[in-house]
Amino acid sequence: QVQLVESGGGLVQPGGSLRLSCAASTSIFGLYVMAWFRQAPGKQRELVAGISSTDNTNYADSVKGRLTISRDNAKKQVYLQMNDLKPEDTAVYYCHGGPPGDSWGQGTQVTISS
């Protein structure tokens, strides 16, 4: 398993921006499919965005055009740039690594409120 540590969450007003980061402990980070999930209170965890080892990306329809996933293999980090945030984006955001394997970070709270 890979250790994943998220950072960058916080409280922002609607229309604001945040950048989440996830640092991985593996030396073969470049081989990993990485993704961001989120879980709002009372809801199931859902996929927000994913990025392959070859930088192919996919997004949930609800975030297309507002959120951007990227990775820096040299730094062993994956990012989620979030723009034009809405109250419905409020959730705990989790970094996921794999395949190979199935690793989760501890989550970071994102709250969108005026």
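The values are calculated or read from the model by the stated rules, or taken from the named source; none is laboratory data. Not measured: the values here are computed from a predicted model. All Cβ positions, glycine included, derive from the backbone under ideal geometry; neighbour counts span all protein chains shown. These area figures cover heavy atoms from the full protein model, side chains too; ligands, DNA and RNA do not enter into them. Shrake-Rupley method; radii C 1.70, N 1.55, O 1.52, S 1.80 Å.
Is it the case that residue 65 is over 13 Å from the mean Cα position of the chain (by Cα), open to solvent by 20 Å² or more (accessible area, probe 1.4 Å) and more than 17 Å from residue 12 (Cα to Cα)? Here the answer is yes, as residue 65 does meet what is asked.
Check region 71-82 and report whether any residue there is open to solvent by 70 Å² or more (accessible area, probe 1.4 Å) and either part of a helix (DSSP H, G or I) or touching a strand residue (DSSP E or B) at 6+ places or on another chain (Cβ under 9 Å) (or both). Scanning region 71-82 turns up at least one residue that is open to solvent by 70 Å² or more (accessible area, probe 1.4 Å) and either part of a helix (DSSP H, G or I) or touching a strand residue (DSSP E or B) at 6+ places or on another chain (Cβ under 9 Å) (or both).
Just checking, how many residues over region 93-114 are closer than 17 Å to residue 59 by Cα and surrounded by 18 or more Cβ atoms within 10 Å (Cβ to Cβ)? Full working, then the answer.
So the first thing to find is which residues in region 93-114 are closer than 17 Å to residue 59 by Cα, and the list is 93-98.
Next, from what is left, pick out any that are surrounded by 18 or more Cβ atoms within 10 Å (Cβ to Cβ): 93-97.
Matching residues across region 93-114 total 5.
Can you find a residue in region 28-50 that is β-branched (Val, Ile, Thr), modelled with pLDDT of 95 or more, closer than 15 Å to residue 104 by Cβ and part of a loop (DSSP other than H, G, I, E, B)? Yes, region 28-50 has at least one match. When residue 65 is tested against (1) at pLDDT below 95; (2) on the phi > 0 side of the Ramachandran plot, just one condition goes unmet, and that condition is (1).
Sort out which residues of region 8-18 are within 13 Å of residue 109 (Cα to Cα) and surrounded by 14 or more Cβ atoms within 10 Å (Cβ to Cβ), and write them in order of number.
Initial filter on region 8-18 (within 13 Å of residue 109 (Cα to Cα)): 8-12, 18.
8, 9, 12, 18 - these are the residues of region 8-18 that are within 13 Å of residue 109 (Cα to Cα) and surrounded by 14 or more Cβ atoms within 10 Å (Cβ to Cβ).
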